[in-house]
Amino acid sequence: MTTEITTTKSFQEKMFEKIRESMGDLMTEDDLKTLVNSAIQKAFFEPAYEIDRYGNSKLTKDSLFVSLIRKEMETKVTEAIKTWLAEHPEEVTKAIDETIAKGMFGLIQQHIEMVSHAPMERLADDLRSRGIL
């Protein structure tokens, strides 16, 4: 007599065991290669999508491959930008000056429009009240 506890397995557990035991007999080498290639493609190269309750899918995160490449390249691109900026100070200064000049023109234009808006509205109302507009 043994002292081991025996548990009864459900039909599903028995089927899983049977499938695990005969997996080699069920799958050919080509089937296994196809399965592995598909799993690798999905795991590393397909982005993750989430489907909302209306059936619309939206990208939630990039594929693992893209994430790894982005992580590796981020520092290299940052360093390249810093190097370029250090080696081209005249071009950087020129771009900054042009941006400031364009921004100043926009600020001045915005200020003029803001200051003149109320008087122009009063003029339009005055003209409408006299029947001219």
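The values are calculated or read from the model by the stated rules, or taken from the named source; none is laboratory data. These figures come from a predicted structure and were not determined experimentally. Cβ atoms come from the backbone with ideal geometry, glycine included; neighbour counts cover every protein chain shown.
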Legend entry - Given (1) at pLDDT 90 or above; (2) outside any helix (DSSP H, G or I), number of the condition Ile132 does not satisfy: (1)
Inset, instruction - Tell me, please, whether a residue that is in contact with a Lys or Arg (Cβ under 6 Å, 6 or more places away or on another chain) and modelled with pLDDT under 85 can be found in the range 26-33. - result: no
Legend entry - The lone exception for Met104 - which of (1) surrounded by 10 or more Cβ atoms within 10 Å (Cβ to Cβ); (2) more than 29 Å from the chain's Cα centre (by Cα); (3) modelled with pLDDT of 90 or more it fails: (3)
